[in-house]
Amino acid sequence: MDAHTLPVQQKTLQTHELLNQTYQVLELRSRRSPMQELISTMLSHRTTHADEVKAYNTILERFGDWEGVMNAPVEELADAVVTTRYPGQKAPQIQQTLRMIKEERGEINIDFLQDMPVEEAMAWLTRLPGVGLKTATLLLLFNFKKPVLPVDTHVFRVSQRVGLIGAKVTADKAHKLLLDMLPKDAVELFNFHKHLFWHGQRICTWYSPKCEQCVLQSICNYYQDVRAKGIDQEGM
Ligand code: SF4
């Protein structure tokens, strides 16, 4: 059997193993507080990391703390996050999210998610305006070490090209499909996420993937069905 026609779960585990060998296997450590992760991830949608950081720092400089951000005039908050895409949408979503947290918990703090079962925590987070599966899974994995898998644009693209998910699968559906094939261990899932993210940024880039440098060639559908046969479809 050709490696690229392996059963999809086997291929997923092989992808994980090959990328573990290629990239550094990381420990899972929270890089920022849960509230910082939540608001930063909301700001990061379609925005570079530098512009997201600039917006995050600006709102705390201008409004002092989360209470200040929540009570600021919405147009002033939109102006403070203007370095991000869609500031006019993000500002009211952030304020509404802060209000919902305050109303339900009595304070603007989401540390309680640590003690909540994973399904319940996912449901709680995805009710907040502007919080989708990607934001919720990033927060639960990075900050609370829950066994979930964030699927961003890089993880999604590489998974589709290799053939871990079908061409018609949406990013939202990919979260569960990929998770079901992987060990339910937060450190493993964190490394799978980070490695596919790096691989998508550096090698399996959107416009012109560097297949000649890629360790996944032998199992990759796109490489075996398109590149190796010379039927190149740039920027698939
Ligand atoms: S072989 Fe090419 S298309 Fe496949 S994962 Fe590697 S870089 Fe991406």
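The values are calculated or read from the model by the stated rules, or taken from the named source; none is laboratory data. Because the structure is a prediction, the values reported are computed rather than measured. Here Cβ is always computed from backbone atoms with ideal geometry, including for glycine, and neighbour counts include all displayed protein chains.
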Notebook entry, point to check: Can Val131 be described as at pLDDT below 95, more than 16 Å from the ligand (Cβ to nearest atom), under 24 Å from Pro34 (Cα atoms) and surrounded by fewer than 21 Cβ atoms within 10 Å (Cβ to Cβ)?
Noted result: yes
Checklist line | Matching residues in region 190-212 - criterion: being within 15 Å of Gln21 (Cβ to Cβ), surrounded by fewer than 22 Cβ atoms within 10 Å (Cβ to Cβ) and more than 8 Å from the ligand (Cβ to nearest atom) | finding: Asn191, Lys194, Trp198
Check: Residue check, Thr22 against (1) of a type outside the set (A, V, I, L, M, F, W, C); (2) crowded, with 16+ Cβ neighbours inside 10 Å; (3) at pLDDT 95 or above, all met but one. Which one?
Finding: (2)
Next item on the list: Could you grab me the full set of residues in region 204-221 that are part of a loop (DSSP other than H, G, I, E, B) and either more than 22 Å from Asp2 (Cα to Cα) or in contact (Cβ under 8 Å) with a residue 60 or more places away in the chain (or both)?
Entry: Thr205, Trp206, Tyr207, Ser208, Val215, Leu216, Cys220
Item checked: From Thr47, Thr58, residue being surrounded by 14 or more Cβ atoms within 10 Å (Cβ to Cβ) and part of a loop (DSSP other than H, G, I, E, B) -> Thr47
Margin query: Being β-branched (Val, Ile, Thr) and within 12 Å of the ligand (Cβ to nearest atom) is the requirement here; does Val215 meet it?
Written below: yes
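Pick out, from region 106-200, the helices (runs of 4 or more DSSP H) lying fully within it that include 3 or more residues that are farther than 25 Å from Cys214 by Cα and assigned by TED's automatic domain parsing to the domain that holds Arg85. Before you say what the answer is, go through the steps one by one.
Numbers: elements: 118-126, 133-142, 153-162, 171-180.
Once the helices (runs of 4 or more DSSP H) in region 106-200 are filtered for at least 3 residues that are farther than 25 Å from Cys214 by Cα and assigned by TED's automatic domain parsing to the domain that holds Arg85, what remains is 118-126, 133-142.
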